[in-house]
1. Could you put Ser133, Ser36, Ser205 in order, starting from the residue whose Cβ has the fewest other Cβ atoms within 10 Å?
2. Nearest 0.05, what FRET efficiency do Thr169 and Thr211 give at R0 = 30 Å with Cβ-Cβ as r?
3. Inverting the mean 1/r over all pairs of different Cα atoms, compute the Kirkwood radius of the chain and quote it in Å.
4. Which residues does the label zone of Ser133 cover in segment 85-101, counting backbone N under 14 Å from a point 7 Å along Cα→Cβ?
5. For a 18 Å ceiling on Cα separation, which of these pairs sit above it: Lys54/Lys87; Lys94/Lys117; Lys54/Lys92; Lys61/Lys87; Lys22/Lys170?
6. Return, ordered by residue number, the residues of segment 106-126 whose backbone nitrogen is under 19 Å from a label point located 7 Å along Cα→Cβ of Arg60.
7. Between His149 and residues 5 or more places away or on another chain, which pairs have amide H atoms under 5 Å apart, with H built 1.01 Å from N, and which residues are they?
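Since every read-out is calculated from the coordinates, none of them should be taken as a lab result. Please read these numbers as outputs of a predicted model, since none were measured by experiment. So basically every Cβ, Gly included, is an ideal-geometry build from the backbone, and we count neighbours across all protein chains shown.
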Amino acid sequence: MREQAKTSKRLPVVLTQDEVAKILVQLAGTHHLIVSLLYGTGMRILEVLRLRVKDIDFARKEILIRDGKGYKDRITMLPLSLITPLKTHLDKVKNLHATDLENGFGRVYMPMALDKKYPSAGIDWAWQYVFPSGKLSVDPRSGDTRRHHVQDQAIQRAVRQAVMDAGITKHATPHTLRHSFATHLLEGGYDIRTVQELLGHSDVSTTMIYTHVLNKGGRGVSSPLDVL
């Protein structure tokens with residue numbers, strides 16, 4: 001009788017809060033703000049990069065994530081410590097958008113053909129990317145010249161370098177910050193259903209994988225060596 005192969009989920013790499021702080025120290029400017037949002041909100045990298053100005057609600061201190069994984073919308077928190085840096089950043093982005101408009105550009109990509117339904121929405125400040133690219137480019141689909149959002153590869157490289165510079169040996173990527181966000185919330189006493197909603201998991205069993213660290217390693221069992 002042939003033995004069936006057992007499959008198991010790989011446990012995610014999780015950083016300590018001290019390690020997250022060491023990584024952030026290595027970053028500056030827009031990269032620091034993006035990586036701070038990854039850890040501070042639990043968003044996926046493309047969810048952060050695709051944010052539009054209107055998705056950030058400073059008054060309610062929350063961020064609306066549109067068309068996340070599974071094409072679902074959800075809400076996560078806006079970290080209080082990022083409110084001022086984000087407002088300062090958006091002031092610079094607004095000036096950049098104004099310059100683009102003066103030069104005959106400033107139209108952003110609109111999802112689901114909304115530009116046909118609302119022709120002027122593409123140049124509206126509310127629809128602009130929170131993290132626009134530093135240069136204009138030609139959209140191969142339409143041939144239009146416009147400013148896309150920052151590329152995820154740039155953030156991948158920045159995090160990889162920051163991890164190395166911080167002397168961290170774990171294989172940490174931008175997605176590791178999402179894992180760390182979830183784990184640290186559970187460690188802080190938040191219930192798993194709340195964490196599930198913030199992450200946008202459709203099934204709580206997906207969120208359950210983060211409870212492995214709550215056992216403090218080795219399934220919470222004390223080694224007999226430690227009682228000698």
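1. Ser205, Ser133, Ser36
2. 0.80
3. After inverting the mean inverse Cα-Cα distance, the result is 19.7 Å.
4. none
5. Flagged as over cut-off: Lys94/Lys117.
6. Zone members listed by number: 126.
7. Ser133
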